[in-house]
Amino acid sequence: DNFAGYNKTGLNVGGIVYTKLDEHVAASMEVLYAQKGARSKGYFTVNSGTFITDYGITLNYAEVPILLNYFDKRKSHFGAGFSYSRLGTSKEFITVVPTSGVNLNDYPFKKSDYNFVLSGNLHCWKGLFLNLRFQYSVISIRNNTPQNYSRGEQYNNVYCIRLMYLFM
C-alpha cells in the first residue's frame, strides 16, 4: 500500500507440536486461526482534491507455520521457517472525500498466502512462554488495486506478541 502507520490488532490462536531432532533442535508445526489486516485513520492525498479519510482491511486465515527451532539450556528458543495461510473471509472499507465510485469487490484478495516466519520464545515460568513473531508475505496477497489508491501489490507484514503454554 502507499499508506504508513497501519495499526491493527487481531487474534492468533491455535495449537503447536514439536518434534525433537537433536538435543537443542526441534521442528514445529502449528495450526492457527490468524487475523491480519490494516487500519488507518487520517488524511491521505490520492490526487489533487481527493483524500482517503478512513481505510481498513480484516483478513481471517487458517494458517500452518512450519519452523526449525533452536533451544537453549533454559528452554527459551528461536526459530525460522515458512507458513501457508488460506483466506477464509475478508472485509475492506474505504472512505474517500469527495465520494468516489470505487468498488473494492472488484479487487479481490488471493486465497493463499505464503509467509517467511521468524519467531522467538522466552521461557517465563514452567510451561509459559512469551512469543514474539515476525512474518512477511513472500508473494503478494493482491495484485490489483484501484489506481492511485494504493500500490499495485499488497503484502501481509505481521508483528505478533502472544503467550504460549507448552506441555512438556
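The values are calculated or read from the model by the stated rules, or taken from the named source; none is laboratory data. Since the structure is predicted, the reported quantities are computational estimates derived from the model, not experimental observations. Every residue, glycine as well, gets a Cβ built from its backbone with ideal geometry; the counts of neighbours run over all protein chains shown. Each accessible area value is taken on the protein alone, full model and side chains, heavy atoms only, with ligands, DNA and RNA left out. Shrake-Rupley method; radii C 1.70, N 1.55, O 1.52, S 1.80 Å.
What to note about this one:
- Neighbour net charge for GLY127 - beta-carbon separation under 14 angstrom, K R +1, D E -1: +3
- Projecting the Cα atoms of HIS24, ALA34, ALA80 onto the charge dipole of the range 22-97 (Cβ charges, centred on the Cα centre) puts ALA34 farthest toward the positive pole.
- A cut-off under 15 angstrom between Cβ atoms defines the neighbours of PHE71, and their net charge, with Lys, Arg +1 and Asp, Glu -1, is +1.
- Proximal charge balance of ASP113 [Cβ under 9 Å; K/R count +1, D/E count -1]: +3
- The accessible-area ordering, largest first, of the residues CYS124, CYS160 stands as CYS124, CYS160, per a 1.4 angstrom probe.
- Rounded to the nearest 10 square angstrom, LYS8 shows an accessible area of 90 square angstrom against a 1.4 Å probe.
- Top of TYR70, TYR61, TYR114 by mean-square fluctuation, Gaussian network on the chain, Cα under 10 Å: TYR70
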